[in-house]
Amino acid sequence: MTTTSPPDARFAAARQLADAVLFEGYVLYPYRASAAKNRMRWQFGVLVPPAWGPAHGEHSFQRTELVMEPRGDTDLHLELRFLRAWRRTVEEARGDGSFHPVPELHLPDRVLVPWDEGTEEHAELTVPVAELAAGEVTLPLVRPAREETEPVADADGRERGRLVRRAERIDAEVRLRAEELDVPYRALKLTAVVENTGTWTPEPGAGRDSALPRSLVAAHLLLGLGAGSFLSMTDPPEWARPAVRGCANRHTWPVLAGEDGRADVVLSSPIILEDHAAIAPESAGAMYDALEIDEILALRTAALTDQEKREARGTDPRAAAVVDLAETMPPEVLERLHGAVRALREITEPGRAAVPDDVFTPDTPWWDPAHGAAAEPAPEHVTVEGRSVGPGSRVLLRPGLRRTDAQDLFLRGSAARVEAVLHDVDGGVHLAVTVDGDPGADIRREQGRFLYFQPDEVSPLEDA
């Protein structure tokens, strides 16, 4: 076993996606430490010390299980990546040469405030697959406590203060093993467990802020085979489906990564992804704000006041980079963020093969209203369980499991008022509703932002 793997170009394509996982939700718009949503940080892949986790609903380990088909006497390459939280305090310089902690330090270009900075950490391992099949292999990880000081000067070079960064000790380990499967082809089930093994014990009343510096944040694994392939956990071959169903993944999910069409690299991510997920080519840079849209973030960030931008720049270097990106983004780059229809590229990109004769291609596409025939007005009512339902009708919500939005399931059994009956271009019918007792119902009506259900997900109420 060796603890440093040789450079592997196959990981390069996967690392771009892994970096997005690493910094998902790192700092949220408006990128200021004072913003309420930046006071509860780091929700993905946080492996806390064992003494903290059980009592607070957080986990100290993650387990990856998947099926692989190694060829010959090949090696498995592993890279564990995570963020380490450094607690930053701000100290102001006094005339006698001493320093005093302050909540803010104002400089011409930024306002420095206390903050937890995340630095990337990683550990690598290369081990023969045969060694994994013979028994468990363990990779220990220790990061000792550290403290660093950075002087802060103004535009004239005068010392104004300093930043003091402290990192707590982190202890962890990666445990690997493989077992032969009873399947038609040679295949093994690989198990990789990443666990925080720290012995820190929280004091009575200690909060999550005490556990984070001792945690592995956004922890994930990159796995690569020197020769062979991994099987998709969502679309395995038929012969391997029972073996894949027998894999138990906990607090992480493995997907095929790297270049499209290859299966020799896996990203085991705390965020559920699809196989061969990729960063949109239109994206001009990392925005760090989980679940947001680059175009909206760029426009909103550019519209921040000068004081807000100073606060963002003083919060974190990555927040400062987002502000600079929004301020310097050329119009043509911003226009690219407006959207892209990737499904049409197969038949619209130059050099693509001609469309087969048996594929229906109407002369007038449905999205071209300038040349389409006038449409009949859509009916404002729809029949549900033999009763007419339309604007003003009251219904009982009963979303089924076929819906993928968990928020809909929370409303199961709630009464609601139908605000509109909508029809899409594919002939589907959708009921726009407001939920009884929702204090924001009037605002939803004013803004036209409703909840949507299909007719088979509601039942008319007797007083409709």
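Considering Glu179, Glu147, which residue is more than 30 Å from Leu107 (Cβ to Cβ) and part of a strand (DSSP E or B)?
Answer to the check: Glu179.
Taking only pairs six or more apart or across chains, which ones have beta-carbon atoms under 8 Å, a first residue in the range 425-440 that is among the hydroxyl-bearing types (Ser, Thr, Tyr), and a second residue that is not in a loop (DSSP other than H, G, I, E, B)?
Filtered contacts from the range 425-440: Thr434/Ala416; Thr434/Arg417; Thr434/Glu419; Thr434/Ala441; Thr434/Arg444; Thr434/Arg445; Thr434/Leu451.
Within the range 242-280, can you find the residues that are closer than 13 Å to Ala13 by Cα, in contact with an Asp or Glu (Cβ under 6 Å, 6 or more places away or on another chain) and not aliphatic (A, V, I, L, M)?
Listed by number, the list holds a single entry, His276.
Looking at the range 439-453 only, could you name the residues that are modelled with pLDDT of 90 or more and either open to solvent by 30 Å² or more (accessible area, probe 1.4 Å) or assigned to a helix (DSSP H, G or I) (or both)?
Phe450, Leu451, Tyr452
Go through (1) open to solvent by less than 30 Å² (accessible area, probe 1.4 Å); (2) closer than 18 Å to Arg262 by Cα; (3) assigned to a strand (DSSP E or B) one by one and return the number of the condition Val217 breaks.
(2)
Please verify whether Thr191 is surrounded by fewer than 17 Cβ atoms within 10 Å (Cβ to Cβ) and polar (S, T, N, Q), treating the condition exactly as stated.
No: the conditions fail for Thr191.
Given the condition open to solvent by 80 Å² or more (accessible area, probe 1.4 Å) and modelled with pLDDT of 85 or more, answer yes or no: does some residue in the range 416-430 qualify?
Yes, some residue in the range 416-430 is open to solvent by 80 Å² or more (accessible area, probe 1.4 Å) and modelled with pLDDT of 85 or more.
I'd like to know if the range 133-143 contains one or more residues that are part of a loop (DSSP other than H, G, I, E, B), among the aliphatic types (A, V, I, L, M), under 33 Å from the mean Cα position of the chain (by Cα) and at pLDDT 95 or above.
Within the range 133-143, none of the residues are part of a loop (DSSP other than H, G, I, E, B), among the aliphatic types (A, V, I, L, M), under 33 Å from the mean Cα position of the chain (by Cα) and at pLDDT 95 or above.
Would you confirm, using the coordinates I've provided, whether Arg63 is at negative phi, of a type in the set (Lys, Arg), in contact with a strand residue (DSSP E or B) (Cβ under 6 Å, 6 or more places away or on another chain) and buried (at least 20 other Cβ atoms within 10 Å of the Cβ)?
Spelling it out, it is not the case that Arg63 is at negative phi, of a type in the set (Lys, Arg), in contact with a strand residue (DSSP E or B) (Cβ under 6 Å, 6 or more places away or on another chain) and buried (at least 20 other Cβ atoms within 10 Å of the Cβ).
Asp109 passes all but one of (1) among the charged types (D, E, K, R); (2) open to solvent by less than 20 Å² (accessible area, probe 1.4 Å); (3) modelled with pLDDT under 95; which number fails?
Status for Asp109: all satisfied but (2).
Give me the pairs, please: first residue somewhere in the range 291-307 and open to solvent by 50 Å² or more (accessible area, probe 1.4 Å), second residue anywhere and among the hydroxyl-bearing types (Ser, Thr, Tyr), beta-carbon distance under 7 Å, and either six or more positions apart or on two chains.
Glu292/Tyr29; Arg300/Tyr29
Could you tell me which residue of the range 393-407 is surrounded by the fewest Cβ atoms within 10 Å (Cβ to Cβ), considering only residues that are of a type in the set (A, V, I, L, M) and modelled with pLDDT of 90 or more?
Only one residue fits best here, namely Leu396.
Tyr185 is checked against (1) over 29 Å from Ser268 (Cβ atoms); (2) assigned to a loop (DSSP other than H, G, I, E, B) and fails just one. What number does that condition carry?
Of (1) over 29 Å from Ser268 (Cβ atoms); (2) assigned to a loop (DSSP other than H, G, I, E, B), only one is false for Tyr185: (1).
Confirm whether Gly258 is assigned to a loop (DSSP other than H, G, I, E, B) and either more than 25 Å from Val194 (Cα to Cα) or at pLDDT 95 or above (or both).
no
Assess whether Leu267 counts as being open to solvent by less than 50 Å² (accessible area, probe 1.4 Å), over 19 Å from Met68 (Cα atoms) and not hydroxyl-bearing (Ser, Thr, Tyr).
Answer is no for this residue.
If you take just the strands (runs of 3 or more DSSP E) that sit entirely in the range 23-127, which of them hold at least 2 residues that are free of Cβ contacts under 8 Å to residues at least 40 places away in the same chain?
Answer list for the range 23-127: 99-101.
Any residue in the range 185-212 that's modelled with pLDDT under 95: show its pairings with residues that are open to solvent by 10 Å² or more (accessible area, probe 1.4 Å) and of a type in the set (Gly, Ala, Ser) at Cβ separation under 6 Å, as long as the two are six or more apart or on different chains.
So the pair list comes out as Thr201/Ala51; Pro202/Ser210.
Given the conditions (1) in a loop (DSSP other than H, G, I, E, B); (2) farther than 26 Å from Thr89 by Cα; (3) polar (S, T, N, Q), and given that Ser268 satisfies all but one, which numbered condition is not satisfied?
That leaves (1) as the condition not met.
From Gly372, Gly390, which residue is of a type in the set (Gly, Ala, Ser) and modelled with pLDDT of 90 or more?
Among Gly372, Gly390, only Gly390 is of a type in the set (Gly, Ala, Ser) and modelled with pLDDT of 90 or more.
Can we say Ala284 is open to solvent by less than 30 Å² (accessible area, probe 1.4 Å) and part of a loop (DSSP other than H, G, I, E, B)?
Answer is no for this residue.
Determine the pairs where a residue that is open to solvent by 60 Å² or more (accessible area, probe 1.4 Å), located within the range 314-339, has a partner that is charged (D, E, K, R) with Cβ atoms under 7 Å apart, the partner being 6 or more residues away or on another chain.
Arg336/Glu282; His338/Glu295
Output yes when any residue across the range 148-170 is open to solvent by 30 Å² or more (accessible area, probe 1.4 Å), of a type in the set (A, V, I, L, M, F, W, C) and touching a residue at least 12 places away in the same chain (Cβ under 8 Å), and no when none is.
yes
Which of the residues belonging to the range 195-214 are assigned to a loop (DSSP other than H, G, I, E, B) and over 17 Å from Val142 (Cβ atoms)?
Passing the criteria: Thr201, Pro202, Glu203, Pro204, Gly205, Ala206, Gly207.
Among the residues of the range 112-139 satisfying the criterion of being open to solvent by 60 Å² or more (accessible area, probe 1.4 Å) and touching a Lys or Arg at 6+ places or on another chain (Cβ under 8 Å), which is nearest to Arg310 (Cα to Cα)?
In this case the residue turns out to be Pro114.
The values are calculated or read from the model by the stated rules, or taken from the named source; none is laboratory data. These numbers come from a predicted model, not from an experiment. Heads up, the Cβs are rebuilt from the backbone with ideal geometry, glycines too, and the neighbour counts pull from every protein chain shown. For accessibility, only protein heavy atoms count, side chains too; no ligands or nucleic acids. Shrake-Rupley method; radii C 1.70, N 1.55, O 1.52, S 1.80 Å.
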